[in-house]
Amino acid sequence: MASFKSDLIKYKRYSDNKPSIVLMLTTQGLWALFVYRFSNKIFKSKIFPVIKKPLLVLAVFWQKWIEIITGISIPYSVTIGHSFYIGHFGNIIINSKAIIGDNCNISQGVTIGVSGKGERRGVPTIGNNVYIGANAVIVGKVTIGDNVVIGANSLVVEDLEANNTYLGVPAKKISNRTSSGYI
């Protein structure tokens, strides 16, 4: 579980290097990420279906338990790159078909979901090094470029170009600052 190790390293860096055991016991985002990484490993594995299906049923129950106690929903079929960070727990919903790149941060209240009509119906694809602020909503078949900042309370319903900061309802470019100060 190399991806979970990279998640843990990022959490340690953000917490002034607290011991891993302390972070694992006290950080709800890590609980959700551990369950996701473990379940996703089973989902992607090539083990026999007669073994895999019961394990995935157990994974769903484990995920639902994590949803109840943390308010974080990360289905095992989501694609999330390494070094993922959940800044604060609660009310985080990620669609099962979403794709999130490497080294991304999300805050509380974020929704990454399905929306749209016709060709625009779908789920987001989020690039690398993206920071998503509190209560942001990213929905529909949109692509978020690398090094993007999505400000708090923003609604993203269109593609966002790389290396910029976006804010508002709907989200509009407000500067050409990247996420380097946020990640």
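Think of the chain as a dipole: +1 on every Lys or Arg Cβ, -1 on every Asp or Glu Cβ, centred on the Cα centre; then among 77, 103, 180, 77 lies furthest on the positive end.
With contributions of -39500 (n - 2.57) from each DSSP H run of at least four residues, the per-residue ellipticity at 222 nm computed over the chain stands at -10500 deg cm²/dmol.
In the frame of its principal axes, segment 91-183 has Cα extents of 35, 23, 22 Å, reported largest first.
Total Lys pairs in segment 1-72 closer than 17 Å by alpha-carbon, pairs eight or more apart in sequence or interchain only?
Details: 5/18; 5/41; 10/18; 41/52; 41/53; 44/52; 44/53; 53/64.
Summing the qualifying lysine pairs gives 8.
How tilted is helix 49-70 with respect to the longest principal axis of the chain? Cα atoms for both, answer in degrees (0 to 90, nearest 10). The angle comes out near 60 degrees. Taking the chain as the reference, fit the longest principal axis to its C-alpha atoms, fit the long axis of helix 2-14 to the helix C-alpha atoms, and give the angle between the two in degrees, 0 to 90, nearest 10. Taking the Cα atoms of the chain, the angle to 2-14 is about 60 degrees. Residue by residue, segment 171-183 carries 3J(HN,Hα) couplings of 5, 10, 5, 10, 6, 9, 6, 8, 7, 4, x, 9, 9 Hz when phi is fed to the Karplus relation 6.51 cos²θ - 1.76 cosθ + 1.60 (θ = phi - 60°); x denotes Gly or Pro.
Give me the Å³ per residue figure for the convex hull around the C-alpha atoms of segment 1-72. Let's see the in-between values first.
Numbers: hull volume 5.9 nm³, N = 72.
It is 81 Å³ per residue.
Normalised by residue count, the chain yields a Cα convex hull volume of 114 Å³ per residue. Against the chain, whose longest principal axis comes from its Cα atoms, helix 28-44 is set at around 70 degrees.
Here the peptides 69-77, 41-49 are ranked by packing, the mean other Cβ count within 10 Å, and the order with the highest first is 69-77, 41-49. Note: relative contact order over segment 30-112, using C-alpha pairs below 8 Å and six or more positions apart, is 26 percent.
Which loop-located trypsin sites (Lys or Arg not before Pro) does segment 121-183 contain, where loop means any DSSP state but H, G, I, E or B and the Cβ has at most 15 other Cβ atoms within 10 Å?
Numbers: sites: 121, 141, 172, 173, 177; in loops: 121, 141, 177.
Passing both the DSSP loop test and the Cβ count: 121, 177.
Every number here is computed from the coordinates shown, using simple stated rules; none is lab data. Here the structure is a predicted model, which is why all the values come from computation and not from measurement. A quick note on method: Cβ atoms are made from the backbone with ideal geometry, for glycine too, and the neighbour counts reach across all protein chains shown.
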